[in-house]
Amino acid sequence: MHPLLRFTLDLFEPIPAPLPETKAPKIRPRVKPTQLAVPPATSVGQAVHFRHPHASREVRLGHALVAYEFKRGQRRSIGFSVGPHGLAVRAPKWVPLVEVDAALQDKSAWILRKLQEVRERHARLAEHTIDWRDGASLPFLGQNLVLKLDPEHACANAELMTSEPGDPSRVLRLSLPHHASPDQIRDVVQAWLMRQARQVFQQRLDHFAPLLGVQWKKLALSNAGTRWGSAKADGSIRLNWRLVHFNRSVLDYVVAHELSHLREMNHSPRFWDTVQSVLPNYAALRQQLKSEAAPRWS
């Protein structure tokens, strides 16, 4: 490995500079496909293009032309991170560009593999756009949830019902007319999902906090497009309400992850040991969170 090089092995949690002790690193989710401007290759051997929206430099790595964001700062090594937008490179102020180019070439295989993984995840996301209409479906806690418009249903705006015998799906009845617009349907469903998210999050926080020997003080729902959760040393927890699209075990991983930051405000080996103390299979759940695509909200 090049003596100045430090590269990131985690697509969603790039290794940052030391963080303030009042705020923990974030778990980052996938974002909308439009945020990564990467036109597809048309044939084997043809140049593949990857472009970061804030690209300031570019390099050819094998058959790929990679335009990346480049910044200098107070650091001791060259750092790579591949995230939702593409490749970002950080380098010390005193390192010449020729050293940066050499480091890129040295780890070109890793960079291209990660960029391709991002592209494939975005392609999967494009297939999960929700069609806001009667009979549409979306995942809820790992199960299929079918939307049913029922203007005569005497209930709140939305109510979860059981489906027909033998059908594993659940039905969410919406007190909306059959001619309701997609925006109306989406808003009612989102409000219901956010209420469910807060309830489930509080239950799981209360479950894991005593097991980890910590106390959480405040829960806020996040609508962020680039992170699943965050934690502060004062006990404040933020969780993305879209986590309710995943099954409960994946949701538990994010909750335990953020609570563990109340003991270790970093991603050190001691932090992961803390997570493992309550979730022995956390690595598999972590990978599942990365590989599965939440539906795209339009």
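The values are calculated or read from the model by the stated rules, or taken from the named source; none is laboratory data. Quick caveat, the model's predicted, so the values are computed rather than measured. Methodologically, a virtual Cβ is constructed for each residue, glycine included, from the backbone with ideal geometry; neighbour enumeration extends over all protein chains shown.
Residues are listed down the side, and each one gets a yes or a no for (1) among the aromatic types (F, W, Y); (2) within 30 Å of V250 (Cα to Cα); (3) in contact with a helix residue (DSSP H, G or I) (Cβ under 9 Å, 6 or more places away or on another chain); (4) modelled with pLDDT under 80:
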| position | (1), (2), (3), (4) |
| --- | --- |
| V100 | no, no, no, no |
| H122 | no, yes, yes, yes |
| P139 | no, yes, yes, no |
| D150 | no, no, no, no |
| C155 | no, no, no, yes |
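The numbered conditions (1) over 24 Å from Q143 (Cβ atoms); (2) touching a residue at least 12 places away in the same chain (Cβ under 8 Å) are all true for S268 except (2).
Is at least one residue of region 28-41 at pLDDT 50 or above, within 30 Å of T129 (Cα to Cα) and either outside the structural domain of S236 (by TED's automatic domain parsing) or more than 25 Å from the chain's Cα centre (by Cα) (or both)? Yes.
If you go through region 191-204 and keep only what is in contact with a helix residue (DSSP H, G or I) (Cβ under 8 Å, 6 or more places away or on another chain) and under 19 Å from A224 (Cα atoms), you end up with L193, M194, Q196, A197, R198, V200, F201.
Can you tell me which of S260, S249, S222 is within 20 Å of P295 (Cβ to Cβ) and at pLDDT 95 or above?
After applying the criteria, what remains is S249.
Taking the conditions (1) more than 24 Å from G142 (Cβ to Cβ); (2) in a strand (DSSP E or B) in turn, L172 satisfies each one other than (1).
Of all the numbered requirements in (1) among the aliphatic types (A, V, I, L, M); (2) modelled with pLDDT of 50 or more; (3) closer than 24 Å to M265 by Cα; (4) not in a strand (DSSP E or B), V82 misses one, and that requirement is (4).
Annotation note: of D273, D234, the sole residue that is more than 24 Å from Q202 (Cβ to Cβ) and among the acidic types (D, E) is D273. Between a first residue in region 230-253 that is under 15 Å from A220 (Cα atoms) and assigned by TED's automatic domain parsing to the domain that holds D187 and a second residue that is part of a strand (DSSP E or B) and of a type in the set (V, I, T), which pairs have beta carbons less than 6 Å apart while being 6 or more apart in sequence or on different chains? Close Cβ pairs (under 6 Å, with a partner that is part of a strand (DSSP E or B) and of a type in the set (V, I, T)) amount to A231/I237.
Within region 217-249, the set of residues being among the basic types (K, R) and in contact with a strand residue (DSSP E or B) (Cβ under 8 Å, 6 or more places away or on another chain) comprises K217, K218, R227, K232, R238. The helices (runs of 4 or more DSSP H) found wholly in region 184-298 and carrying at least 2 residues that are closer than 22 Å to N144 by Cα occupy 248-260, 282-291. Here A209 clears all of (1) at pLDDT 95 or above; (2) among the aliphatic types (A, V, I, L, M); (3) touching a Lys or Arg at 6+ places or on another chain (Cβ under 8 Å) except the condition numbered (3).
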